[in-house]
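One structure is given below, encoded as structure tokens.
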Amino acid sequence: MYWTTAARLTPGQKFTLLGLRVLATLAVILLLLQPSRIEEIPRAKHNRAVLVAVDSSLSMTQPDEGGASRLDAARKLLRDNGFLGGVGSEEVDIRLFQFDADASSITPEGVDTLQAEGETTRFHKSITSMAESVTDTDIEAMVILSDGHDFELENSTRTAEVARRKRFPIFAIPFGSTGNVRDIAVRIDNYQPYAYVNQTTMGSGRLRLIGCEYETLTVQLLRNGKLVSTQNVTAGEEPEIPVAFSIKEPETGQFQYEIKAVITDKETDINNNTAFTYLNVIDEKIRVLILEGSPYWDTTFLQRSLYRNDKIELDAILAFAKNRARRIRNDNVRGQLPDPLKPEDYQQYDAIILGRSLNRLLDPDLLGSNLKQYVDSFGGTLIFARGRALDDDNDALAELEPVLYDSGGNSNVEMSITSSGRGVSAFEMLNDRLKTSDSLPALIAARRATESKTLAASLAEAEDPETGQKTPVITHRRYGKGQVLNINVAGLWKWSFNAGNDIENNIFDRFWDQLLVWMLSQSEVVPNQEYSFRSKSANLLLGEPMGFRLAVRKAESLLGLKPLRIFRDGKLVTELRWGAEDRTGTSAKTRFTPEVTGHYEARVLLPNGEEMGQKFMVYEERPEMTEVTTDLAYLNRLCHLTGGSILDRDNLDQLSRTLALHNLHEESGDPDIRLTPVWDKFPVFFSIVMLFGLDWMLRRRWGLT
């Protein structure tokens, strides 16, 4: 361009302008390419911590393979390999910890005086505590010296995640023997404080097994120290197996039952082969009220069944026309049955059974208020025998119902018993019959439930014959101090005519008899008694508190209540004062924490002069002294998930040297590479501007535009 448009310029001027323009253009192109230069950054030396954790639980007192205790063997290993100070230890930042229920740091001197006294081992909590305690540097690795038993039962994947978040591996050094330790521990599963004369109840427990896989074990039931039943059970690979015995008492009283596993050869601990429970048997009649506003076959058959039941003191009000009702009592001594209008009119009953359309009998709002107070505050037992009890909505009764309904239903349904129901004798009896084809007829209809409320348990379900979908039809729920049962299926009365039934002892009668007895055994109050005294359990783990509760039907019955006396093996241990449990004043509570194991009894002298008592057993569970085999599988899984491994004791010095070399020579590895931009510097932009500026200035001076 300069050669054609600037003929008057000298060749030198032309070359100057051309050079400036070429240089400026090249500078712009270079700028667009964004050039950078490579920098090598040498790694700085960075000592990272190695955490060394020693198990200090009771199982570490067990002998190691060499004969010394596991803790002594761990101590010697640390000392011999320089973890407690010595050659090379100053080159690695070693931090020592002890752990059992939790972890805490210790000094090298503290390792020498460390005692294995921890009552349990919690790996997840301990590893988390150790990892979180290091805040001033990174963690190179964690080395665990343990027999591997974790009683926290936390998934090893979740525990390994703690290490992965902080990017360190876990190495483990196992101690102890992997041989077969044998032990059977018996525990009681259920506690039923009351039963009725000739009521069949279940005494159930579980066997916790170690080293007894695929063996046949003998389990015994003893009553007041005498053998009454024996079972042989076959163990599989499961750590626990259930056992159950049927119990029936012909007379009233308090009876001690014992589930005992016969001792096996070479068993580690024979003191945990027995578990006790206590059963109080009563024969007082159950006071029941039936309210029905729209009679149907189910309530008609139920009323007749309860009327002839010797256990039941029955009152029934059955509507048969508008504003007209039939009143029934199965004894004529008590006189005419009045309408229940006040809370105390309901509180005289142990159980209340509701039919449908009760608004034809009683004021719905008053009925709902009284029944809610009966269940919530008094601890009563309420049964919705035909689903919803009122034609219209009522907030109080709706709140008591265990389930929410939709508008639909199914007809000709088959009923099945749930896992929750199979633990109840009334439903277990039905389940045995349902296992036989055509043993029970199909039911007429079931209303669909859309949702079960909090604390509700489905005892029986009905299946839709078209869709196969199941809906709860018999549901139990705790509410306040009391309990509610809902039956939203029609046709139970058909069980009375089932083929093969004894007409005087049919399935329908037996079901309702056992159902009421079971519900009353779960109730806060005892039939026809002013006082109900209960303990939390018949078996108590040492260190846990035992709660006691005294419930009465009338608040004034607690006036002048004496302290609760606790006896152990017949000797007075302490006296406890009662405290009010709630605003109604109809119950009192207290608690006691035993300090030693043994057989205990709590006794209270009531204001009416009667003395009531509850027996219970306090036991000690020390898995640290029974489950003592080395759990290599757990340790290996934990190490593998974090990138570590099980370490051989003979090669532990190699680990210490590896960790030292890694810290010492970390900076001698390949340097980090960094690209540093050179185009975004001020001199680059200044040079480009100066080139274009000088080109423009010379063109102006030499007469170019």
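What percent antiparallel are the DSSP beta bridges of the chain, to the nearest 5? Don't jump to the answer; show the numbers that get you there.
Values: 107 of 154 bridges.
Within the chain, antiparallel bridges account for around 70 percent of the total.
Between Asp392 and Ser419, what is the label-to-label distance in nm when each label sits 7 Å out along the Cα-to-Cβ direction?
4.4 nm
Quick check for you: which residues of the stretch 250-264 have the amide N under 18 Å from the point 7 Å beyond the Cα of Thr274 toward its beta carbon?
In the stretch 250-264, the label zone of Thr274 (backbone N under 18 Å from the point 7 Å along Cα→Cβ) covers 255-264.
Once both labels are modelled 7 Å past Cα along the beta-carbon direction, what's the Arg37-Leu675 spacing in nm?
Distance between the two pseudo-spin positions: 1.7 nm.
Distance check, please: which entries in Lys342/Lys554; Lys453/Lys554; Lys311/Lys589 exceed 24 angstrom between their Cα atoms? Mind showing how you got there, number by number?
Numbers: Lys342/Lys554 14 Å; Lys453/Lys554 30 Å; Lys311/Lys589 30 Å.
Distance filter (> 24 Å) returns Lys453/Lys554; Lys311/Lys589.
If I take R0 = 30 Å and measure r between the Cβ atoms of Arg622 and Asp650 in this structure, what FRET efficiency does the formula 1/(1 + (r/R0)^6) give, to the nearest 0.05? List each step's numbers first, then the result.
On the way: r = 33 Å, r/R0 = 1.10.
Calculated transfer efficiency: 0.35.
Cα centroid distance between the stretch 112-163 and the stretch 296-331, in Å?
Going from one Cα centre to the other spans 66 Å.
Taking the Cβ of Gln614 as the centre, find all other residues whose Cβ is under 12 Å away and add up their charges (Lys, Arg: +1; Asp, Glu: -1). Don't skip to the answer; put the middle values down first.
Details: positive: Arg534, Lys536, Arg549, Arg565, Arg603, Lys615; negative: Glu601, Glu611.
Charge balance near Gln614 sits at +4.
Compute the orientation-averaged projected area for the stretch 106-218 from the convex hull of its Cα atoms and round it to one decimal in nm².
12.6 nm²
Quick one: if you stick a label point 7 Å off each Cα along the C-beta vector at Phe320 and Val333, how many nm between them?
Each label point lies 7 Å from its Cα, and together they span 2.7 nm.
Report the FRET efficiency, 1/(1 + (r/R0)^6), for Lys266 and Ala555, where r is their Cβ-Cβ distance and R0 is 51 Å, rounded to 0.05.
0.30
Quick one: divide the alpha-carbon radius of gyration of the stretch 569-620 by 2.2 N^0.38 Å and tell me what you get.
On the way: Rg = 13.0 Å, N = 52, 2.2 N^0.38 = 9.9 Å.
Working it through for the stretch 569-620, the quotient is 1.32.
Given a 1.4 Å probe and heavy atoms of the protein chains only, how would you sort Ile383, Ile210, largest accessible area at the top?
Values: Ile383 0, Ile210 30 Å².
Largest to smallest exposure gives the sequence Ile210, Ile383.
On a 0 to 90° scale, report how tilted helix 70-80 is relative to the longest principal axis of the chain, with both axes built from alpha carbons and the result rounded to the nearest 10.
So the inclination is approximately 10 degrees.
Just order 338-350, 275-287 by mean Cβ neighbour count inside 10 Å, highest at the front, would you? Walk me through the numbers before you get to the answer.
Details: 338-350: 16.2, 275-287: 19.6.
Per-residue mean Cβ counts within 10 Å order the peptides as 275-287, 338-350.
Run the numbers for Thr450 and Asn224: contour at 0.36 nm per residue of separation, minus the present Cα-Cα distance, in nm.
Working: separation 226, 0.36 × 226 = 81.36 nm, distance 4.78 nm.
Using 0.36 nm per residue and subtracting the Cα-Cα distance, I get 76.6 nm.
Could you give the accessible area per residue of the chain, probe 1.4 Å, as a whole number in Å²? Intermediate results must be reported in sequence, preceding the final value.
On the way: 34660 Å² over 705 residues.
In whole numbers, the chain has 49 Å² accessible per residue.
Sorting Met612, Met60 by accessible area (1.4 Å probe), largest first, what list results? Write down the numbers at each step before the final one.
Details: Met612 25, Met60 0 Å².
Result, largest first: Met612, Met60.
Is the stretch 312-398 rounded, prolate or oblate when judged by the Cα gyration tensor, a ≥ b ≥ c being the square roots of its eigenvalues, rounded requiring a/c under 1.5 and prolate requiring a/b larger than b/c?
On the way: a/c = 1.74, a/b = 1.17, b/c = 1.49.
It comes out oblate by the Cα gyration axes.
Can you give the net charge of the other residues whose Cβ lies under 14 Å from the Cβ of Ala235, counting K and R as +1 and D and E as -1?
-4
Taking Lys266 as the anchor, which aspartates and glutamates have their alpha carbon closer than 15 Å to its alpha carbon, excluding any fewer than eight residues away along the same chain?
The reachable aspartates and glutamates, counting only those whose Cα sits under 15 Å from Lys266, are Asp183, Glu213, Glu215, Glu627.
For the stretch 543-654, what is the convex hull volume of the alpha-carbon atoms per residue, in Å³? Show your work: numbers first, answer last.
Working: hull volume 22.6 nm³, N = 112.
About 202 Å³ per residue, rounded to a whole number.
Taking K and R as +1 and D and E as -1, what net charge do the other residues with C-beta under 15 Å from the C-beta of Leu18 add up to?
Details: positive: Lys14, Arg21, Arg699; negative: Asp695.
So the surrounding residues net to +2.
P(r) of the stretch 355-509 in 10 Å steps, Cα pairs, percent per bin?
For the stretch 355-509, the binned pair fractions read 11, 38, 34, 16, 1 percent.
Sum -39500 (n - 2.57) across every DSSP H segment of at least 4 residues in the chain, then divide by the residue count to get the 222 nm mean residue ellipticity, nearest 500.
One gets -7500 deg cm²/dmol as the mean residue ellipticity at 222 nm.
With the Cα gyration tensor of the chain in hand, give its eigenvalues times 5 under a square root as the equivalent ellipsoid semi-axes, listed largest first in whole angstrom. Intermediate results must be reported in sequence, preceding the final value.
Numbers: eigenvalues 1138, 374, 119 Å².
For the chain, the ellipsoid semi-axes come out as 75, 43, 24 Å.
The values are calculated or read from the model by the stated rules, or taken from the named source; none is laboratory data. The shown structure was predicted, so the numbers you read here are calculated from the model rather than taken from an experiment. Backbone-built Cβ (ideal geometry, glycine too); neighbour counts: all protein chains shown. Heads up: the accessible areas ignore ligands, DNA and RNA and are worked out on the full protein's heavy atoms, side chains in. Shrake-Rupley method; radii C 1.70, N 1.55, O 1.52, S 1.80 Å.
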